[in-house]
Amino acid sequence: MRRGVAVGMGCALVLAGVAAAQARGERELTNDDLRAEMAKNSALAVYVKRNGMPDVAEAHFLADEPPWDDHEVTLYYLDAHKEVGFARAFILGSPEVHMKRYVRPLTDEQVAALASRAKARAKQAPAPDPAAPGDPAAPGDPPASAAPAGAEQMAGLGPDERAERAAARAEDAAGRVEAAADSAERAADRAEAIAANAEHVFHRGVRK
């Protein structure tokens, strides 16, 4: 019963999240969209060149006035459990500053929620090797040799292999979430049993 309520609440939160995303002007980027963004943001292009194409990419509303551009680009790497945001800032009316704004961890629940989108994205036409304009070094980025161990392998996979890996990640993350739910349910059952026993002892003491 508790799990059914939790699932219902989860679905409601997902729907609420979709509505909120639309209200904030968020949109998913195709491979072509991402390549267009990379052509405008050298920090983004360098990162993708070093780490491979992301599992999911989005554009989010950022600001309606300078110095920031009107949107930022967020990349999701599910194997690494992280999201990385990039944006441009204007100097004297030109978008001169290209930067990585943040790196955030992804929870198992977030990975599971993104996995179906990653599977759909993997079926798009394979993206060519990203080329960064002039290949400048992005501040704060590790050297290419320090890229995640599986980045080059993921970048070289075909659509079917990427889809399979996305599905496997989703299944693994869902399994961990279910195991956590089972553990929480068992803990709740033990707490109920302890409370019932305490109540029984209390009433027995009162009767004496």
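On inspection, Arg50 qualifies as closer than 20 Å to Asn31 by Cβ, modelled with pLDDT of 95 or more and in contact with a helix residue (DSSP H, G or I) (Cβ under 8 Å, 6 or more places away or on another chain). Among the residues of the range 30-47, those that are under 21 Å from Lys123 (Cβ atoms) and out of contact with any Lys or Arg (no Cβ under 9 Å at 6 or more places or on another chain) comprise Asp32, Leu34, Arg35, Ala36, Glu37. A search for C-beta distances below 6 Å between a residue of the range 71-93 that is in contact (Cβ under 8 Å) with a residue 40 or more places away in the chain and under 13 Å from Val103 (Cβ atoms) and any residue that is of a type in the set (Asp, Glu) and part of a strand (DSSP E or B), counting only pairs 6+ apart in sequence or on different chains, returns Tyr76/Glu83. Just the residues that are more than 9 Å from the chain's Cα centre (by Cα), under 21 Å from Ala122 (Cα atoms) and part of a loop (DSSP other than H, G, I, E, B), please, taken from the range 60-87. Matches in the range 60-87: Asp79, Ala80. For Phe90, indicate whether it is aromatic (Phe, Trp, Tyr), at pLDDT 95 or above and assigned to a strand (DSSP E or B). Taking the combined requirement at face value, the residue does not satisfy it.
The values are calculated or read from the model by the stated rules, or taken from the named source; none is laboratory data. The shown structure was predicted, so the numbers you read here are calculated from the model rather than taken from an experiment. Here Cβ is always computed from backbone atoms with ideal geometry, including for glycine, and neighbour counts include all displayed protein chains.
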